[in-house]
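What follows is calculated from the coordinates using simple rules that are stated; it is not laboratory data. Model, not experiment: these values are computed from the prediction. Note: ideal-geometry Cβ built from the backbone for every residue, glycine included; neighbour counts use all protein chains shown.
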Amino acid sequence: MTSRIIKTASRTIIPFIFLFGFYMILYGHISPGGGFQGGVILAMGAILIFVAYETDTFHRYTLHLSLLELLGVTLFLSLGLFGIWYGGSFFSSFGMIWVFNIIIGIKVFAGIVLFYMLLIRWEIQP
């Protein structure tokens, strides 16, 4: 059971966590940070929602998060092979480093939230 203070504080801070996560993903190619750090921040915001409100709604989104992670891997490898197709190396950027950051952010977000859901499901079952 969470208190009203935790719910109010999390309701206040969660939008800023998501905003900072998106900022890290989108501007990671210019400043320190990037897709991995932004994905972790977004995942921590989603996990904070789960912890603060004690909802069981995350388990409904397991398939969606799995598909997001699969999409991230597929897009990442497709863009890598795109570089080979056009005569460069495997990850020739062609000015696409920001796209790599977005894809990595999506994949890391989905992976960490799925891992957390797996651990919670394992802990709850006797």
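Using alpha-carbon pairs under 8 Å, 6+ residues apart, how would you state the relative contact order of the chain in percent? Computed value for the chain: 32 percent relative contact order. Over all directions, the projected convex hull of the C-alpha atoms in the stretch 1-68 averages 5.1 nm² in area.
Within the listed set T62, T12, T74, the Gaussian network model of the chain (springs between alpha-carbon atoms below 10 Å) gives the highest mean-square fluctuation for T12. Shown for M96, M24: other C-beta atoms within 10 Å of each C-beta, ranked fewest to most, produce the order M96, M24. Taken along the Cα-to-beta-carbon direction at a fixed 7 Å, the label points for I14 and L81 span 3.9 nm. Distant-in-sequence amide contacts of M96, defined by a placed amide H-H separation under 5 Å and a gap of 5 or more residues or a different chain, comprise nothing.
Against the chain, whose longest principal axis is taken from its Cα atoms, helix 97-124 shows a tilt of about 30°. Distance distribution P(r), the stretch 4-124, all Cα-Cα pairs, bin width 10 angstrom from 0: 14, 36, 31, 13, 5, 1 percent. Measure nothing fancy, just the Cα-based angle from helix 35-53's long axis to the longest principal axis of the chain, in degrees from 0 to 90, nearest 10. It is inclined by approximately 20 degrees.
Label positions at F115 and I30, each projected 7 Å from the Cα along the C-beta direction, are separated by 3.0 nm. Taking every DSSP helix (H) stretch of at least 4 residues in the chain, weighting each as -39,500 (n - 2.57) and dividing the sum by the residue count yields a mean residue ellipticity at 222 nm of -26000 deg cm²/dmol.
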